[in-house]
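The values are calculated or read from the model by the stated rules, or taken from the named source; none is laboratory data. Keep in mind that this is a model prediction, so the values were computed, not measured. Don't worry about glycine lacking a Cβ; one is built from the backbone with ideal geometry, like all the others, and counts go over all protein chains shown.
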Amino acid sequence: MNKLILLWKFMKGYRLLYIGAVVSIGLATLFSTIIPLVIRTIIDSIIGSKPMEIPQWAISYINTIGGRETLVRNLWICGLVIVILTALSGVFLYLKGKWTAVASESIARNIRDNLFGHLQELTYDEHVKAKTGDLVQRCTSDVDTVRRFLAVQFVEIGRALFMVSMVCWIMFSLDVKLALVSMTIIPIIFTFAFIFFVKMKNVFQKFDEAEGKVTTILQENLTGARVVRAFARQSYEVDKFEEKNLEFRNLGYKMMRLFAFYWSSSDMLCLLQIGAILVLGSYWAVSGRISIGTLMVFTTYEGMLLWPVRQMGQILTDMGKSFVSAGRIQEILDIPGEAMDADGLKPHIKGDIEFRNVSFSYGEGSELLKDISFSVRRGQTVSVMGPTGSGKTTLVNLLLRLYDYNKGSIKIDG
């Protein structure tokens, strides 16, 4: 639930576009579900002789243009109705695609802007401890994962709900027994999709972290190539990269195996269900229990019902990926920024420096600097000497206030 709230927060400013996209996909689904009913009426009541089972206003309109006989002589009118319904469905699908694309790209831009701005406000210590490659991966791949989910799968949840509810209602109104048979496999697919979602979410989190490690090694070696060569550490770095790259490859391969197993198994279940409806429906149509038009509607609706349910596995998987990526993004945004004094003084600096009883430690460890006192006059050159780790660089960092000292004072020009 927290991750859903997080995604909802990211969508601030573009929620109306998503509401419009959901309404559009609902209307597109409505028009697409009407088309099989129109074809059923053509087969059973226009080409055939069964009474029309359509709304009264539609019957009244048909009577005004000459009744059933006119439609029999002009079947192109029925074809035109199907074309118009298809065109309307296409228009609303276009609006859905446009609005989700605009919203998702704008949201991704805002997330990247917020991340980059927040990174500029982090303390120097946070940048020292952070792995640059991992930060790059969070600002690029993780943002793109969230963008893809918001662009494609987020609205598809609404489409699946609309499709299942409309199709189930129509199927039960036509024939209860055949509708029950049509839904036999749906609970199994739902369960299968949920298990797939749980497993894929765990694997993707490890995959995402492995990608960050590979990116970090690449970044460190590209920026530190001179040091690697100076110490002849090429072989060591190659071995280290191969180890992380192999881990990354194996996790990606595991994801692909899960995908292959889910899609192949769900395809088999869906096709078996469609085959069962086709065989049973054909038998009932031959025996006169249902009409040919009703059989056509059920075979069409069965595909419209099963594929969105099957697609829930992909939707849940992408949602799990986006939850992982959104959490990794939020981890950066939750890091406290450096306290900036906007009203600080900006005096003219002459250059006299004084350290008085300065003590400093990194974290909770022992003090690296203890009661350090010295002064440097303007124009004076002072050399600070000592072994590695004695605090030479730390002195300069304290002077630049990259770190704050624990005790004492540092003064410029008194």
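Brief remarks on what is shown
Let's see how each residue does on (1) surrounded by fewer than 18 Cβ atoms within 10 Å (Cβ to Cβ); (2) under 24 Å from S265 (Cβ atoms); (3) among the hydroxyl-bearing types (S, T, Y):
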| position | (1), (2), (3) |
| --- | --- |
| R138 | no, no, no |
| M163 | no, yes, no |
| V167 | no, yes, no |
| L178 | no, no, no |
| I188 | yes, yes, no |
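- Unique residue being loosely packed, with under 15 Cβ neighbours inside 10 Å, among the hydroxyl-bearing types (S, T, Y), in contact (Cβ under 8 Å) with a residue 40 or more places away in the chain and closer than 30 Å to Y283 by Cα when the list is T184, T132: T184
- Pairs, first among the charged types (D, E, K, R) in the stretch 55-78, second assigned to a loop (DSSP other than H, G, I, E, B), C-beta under 8 Å, six or more apart: R68/M52
- Residue check, S266 touching a residue at least 12 places away in the same chain (Cβ under 8 Å), among the small types (G, A, S), within 21 Å of M163 (Cα to Cα) and in a helix (DSSP H, G or I): yes
- Qualifying positions in the stretch 387-403 - in a loop (DSSP other than H, G, I, E, B) and closer than 17 Å to D352 by Cα: L400, R401
- Applying a threshold of 9 Å to beta carbon distances and a minimum spacing of six or more residues, or different chains, the list of pairs starting in the stretch 388-406 at a residue that is assigned by TED's automatic domain parsing to the domain that holds E364 and ending at one that is exposed (fewer than 14 other Cβ atoms within 10 Å of the Cβ) and among the hydroxyl-bearing types (S, T, Y) reads T394/Y362; N397/Y124; L400/Y124; R401/Y124; L402/Y124; Y403/Y124; Y403/Y362.
- Qualifying residue in the stretch 306-326 (condition: under 21 Å from L37 (Cα atoms) and surrounded by fewer than 20 Cβ atoms within 10 Å (Cβ to Cβ)): yes
- Residue count for the stretch 203-243, restricted to those that are within 21 Å of Q311 (Cα to Cα) and surrounded by fewer than 12 Cβ atoms within 10 Å (Cβ to Cβ): 0
- Filter result (of a type in the set (D, E, K, R) and more than 30 Å from Y283 (Cα to Cα)) within the stretch 299-329: D318, K321, R328
- The set of residues in the stretch 369-396 that are surrounded by 10 or more Cβ atoms within 10 Å (Cβ to Cβ), on the phi < 0 side of the Ramachandran plot and within 52 Å of the chain's Cα centre (by Cα) comprises L369, K370, S390, K392, T393, T394, L395, V396.
Yes/no matrix, rows are residues, columns are (1) touching a Ser or Thr at 6+ places or on another chain (Cβ under 8 Å); (2) in a loop (DSSP other than H, G, I, E, B):
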{"position": "L251", "(1), (2)": "no, no"}
{"position": "L271", "(1), (2)": "no, no"}
{"position": "F298", "(1), (2)": "yes, no"}
{"position": "F323", "(1), (2)": "no, no"}
{"position": "I335", "(1), (2)": "no, yes"}
{"position": "F355", "(1), (2)": "yes, no"}
{"position": "S359", "(1), (2)": "no, no"}
{"position": "S366", "(1), (2)": "no, yes"}
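- Residue match in the stretch 337-358 (condition: in contact with a His (Cβ under 6 Å, 6 or more places away or on another chain) and at pLDDT 75 or above): no
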